[in-house]
Structures are given as C-alpha cells and as structure tokens.
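One structure below.
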Amino acid sequence: MTKQISTLFFIIISFFSVDIIASEKLSFSTGATYLTGNYGSTESTDIYFIPFTFKYKYDKFRLKLTVPYLEKTGPKNVIKDIGQIGQRVVSTRTTESGLGDISASARYNFYYNKAYKFLINAEGNVSLGTASKSKGLGTGKVDYSFKLDFFKVFDTLTPYTKVGYKVYGSSRLNNVFFVSAGLVYKVNSTISTGVDYSWREKVSNTSAEKHQLTGFSSQKITKNWSIQEYIIKGFTRSTADWGGGISVNYGFKL
C-alpha cells in the first residue's frame, strides 16, 4: 500500500506541475453506473460505480485521474471488470462498499493527418489497487495497461478502433490483449450518438473472454457543460449481463 500511495503522490504532483507550466483546458466529470449479472455464478451481483474524474489537456497531451466509489452486493469472488475469480462457487451474497481502484492515465496524440482526418493516440494507464481485496471490491494489486487509438473522421461519422495490452498485478490473473471498435455519429453541433463493441482475452484459465456491447449518446448543454448516457450488454460470464449509467462533465479553458 505504501508503494501505491507513493505512486499516486508522484502522479498528483506531476498533474499539477504541468498545469502550472502550460495550462489549456481542465475538466471534471462524475456520474453513476449500475451493473447487474450472475457472472457464471448461481447468485447475481449488483454493482454501483461512482467515479470522480479530473482531466487536464494541453496541446497533444491529456492527463486523467479517477477516484471512484464502489458498492457491490453479491459473492465476494466477483470483481468489477474481471468477473468471477477462482473455481470455488460462492453462493453467499454480501454488500460491501468503499474506495474503488484509483487510476491515472496519460495520452498523447502522436499522429494527425489533416487532409485525411485520421489520427492516432497512445495512452498508458495505471490502476493503483486501492479497492479492498478483503471486501471483494478489487484484487488489491497494481495493474498497468497501454493502448493505441485509431480514428477516421467522415464528416458526421467517425469510426474507430482501440488495441491494447493489460498487465495484472495479481498472480491469479493472466496478462491480456483487448480490442474495441465503434462508430460515433454527429447528429448536430450539440448531439452525438454511437455504439462500441469490446473484446478481451480470458483473464484466467477458468474465466471467459469478454464480449460487451455499449450504446451511448452525448449532449452539449452549454459552452462548459455536457452530459452522456450509456447502456451496456454483456455476452459472457466475464461481464455484467446488463448495465447503464450517466455522466456529467464540466470543462473550461485556463
């Protein structure tokens, strides 16, 4: 835990140091996500996830810090974004809540072709394992991931693909490749909608691949405020059967 706190302290100091040197845009978002499913168990698991996210953007760089609150009712061996860990069947449902996994990421837009409206982003992420392992809210280990994002803009339509690799700190979990692809349609200057399909390898020998479909829409309310809604459908025991949520964002230039 001391190592995790030290890493988080370094990230926070770096976050605000960049802000002092060259500031452009800062944003804050929060919302709520509800997930429900049996994850291959005999009992269902219900999860409420409330993130508090800070983003800082300067030129081609973006830094993001997320501090989440998590509440889960279900078997303790079911973990959000992972599914059921281990072969032992747990039929007892308990309710636990607390801090989720704090995460920080850095993204860089290293390629943009203005003529073809094509861009590529590279992003690294660290999840600090702050969610309680004893409560069944997380693994208690630090995880890392890296991904590349590819976007092509066709007037009102933007298809994209994201390809990445995740390294889990828990020895019980496998490092995995993950891919997602989707479309964003710009309805008008303030409203966009889209769909995303994501896949991930098995995180353990006893789990399943992840297959999940997400539909979403976003609306720009004012110059500074925007809102997004989404609905989730999972197709394997490594994902929730259903889910949905809402996020509100406030951003301003510095």
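The values are calculated or read from the model by the stated rules, or taken from the named source; none is laboratory data. Here the structure is a predicted model, which is why all the values come from computation and not from measurement. Reconstructed Cβ throughout: ideal geometry from the backbone, glycine too, with neighbour counts over all protein chains shown.
Observations on the model:
- Checking each residue of region 95-106 against the condition of being β-branched (Val, Ile, Thr), over 17 Å from the mean Cα position of the chain (by Cα) and buried (at least 16 other Cβ atoms within 10 Å of the Cβ) gives no match.
- Taken together, the criteria exclude Asn121 from residues that are surrounded by fewer than 19 Cβ atoms within 10 Å (Cβ to Cβ), of a type in the set (S, T, N, Q) and either touching a residue at least 40 places away in the same chain (Cβ under 8 Å) or part of a strand (DSSP E or B) (or both).
- Filter result for the condition that a residue is within 18 Å of Tyr108 (Cα to Cα) and basic (Lys, Arg), over Lys55, Lys76: Lys55
- Candidate set from region 115-135 (those that are of a type in the set (Gly, Ala, Ser) and more than 19 Å from the chain's Cα centre (by Cα)); member that is farthest from Ala181 (Cα to Cα): Ser134
Per-residue answers, yes or no, for (1) surrounded by 18 or more Cβ atoms within 10 Å (Cβ to Cβ); (2) touching a Pro at 6+ places or on another chain (Cβ under 9 Å); (3) hydroxyl-bearing (Ser, Thr, Tyr):
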site: Lys72; (1), (2), (3): yes, no, no
site: Lys80; (1), (2), (3): yes, no, no
site: Gly83; (1), (2), (3): yes, no, no
site: Phe110; (1), (2), (3): no, no, no
site: Lys114; (1), (2), (3): no, no, no
site: Thr139; (1), (2), (3): yes, no, yes
site: Leu148; (1), (2), (3): no, no, no
site: Tyr160; (1), (2), (3): yes, no, yes
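- Applying the condition of being surrounded by fewer than 18 Cβ atoms within 10 Å (Cβ to Cβ) and among the basic types (Lys, Arg) to region 213-247 and asking which residue is nearest to the chain's Cα centre (by Cα) yields Lys233.
- Failed condition for Gly164, given (1) under 28 Å from Ala115 (Cβ atoms); (2) outside any strand (DSSP E or B): (2)
- Complete set of residues in region 240-253 that are in a loop (DSSP other than H, G, I, E, B) and out of contact with any Phe, Trp or Tyr (no Cβ under 8 Å at 6 or more places or on another chain): Asp241
- If the condition is being modelled with pLDDT under 95 and either assigned to a loop (DSSP other than H, G, I, E, B) or among the basic types (Lys, Arg) (or both), then region 88-116 contributes Arg88, Val89, Val90, Ser91, Thr92, Arg93, Lys114, Ala115, Tyr116.
- Taking region 162-173 as the range and being without any contact (Cβ under 8 Å) to a residue 40 or more places away in the chain and either loosely packed, with under 15 Cβ neighbours inside 10 Å or among the hydrophobic types (A, V, I, L, M, F, W, C) (or both) as the test, the residues that pass are Val163, Tyr165, Val167, Ser171.
- When the residues of region 58-85 are filtered to those that are closer than 22 Å to Phe235 by Cβ and in a loop (DSSP other than H, G, I, E, B), the one that is modelled with the lowest pLDDT is Ile85.
- Filter result for Ala131 (of a type in the set (A, V, I, L, M), modelled with pLDDT of 95 or more and part of a strand (DSSP E or B)): no
- Taking region 169-217 as the range and being assigned to a loop (DSSP other than H, G, I, E, B) and within 30 Å of Val248 (Cα to Cα) as the test, the residues that pass are Val187, Asn188, Ser189, Thr190.
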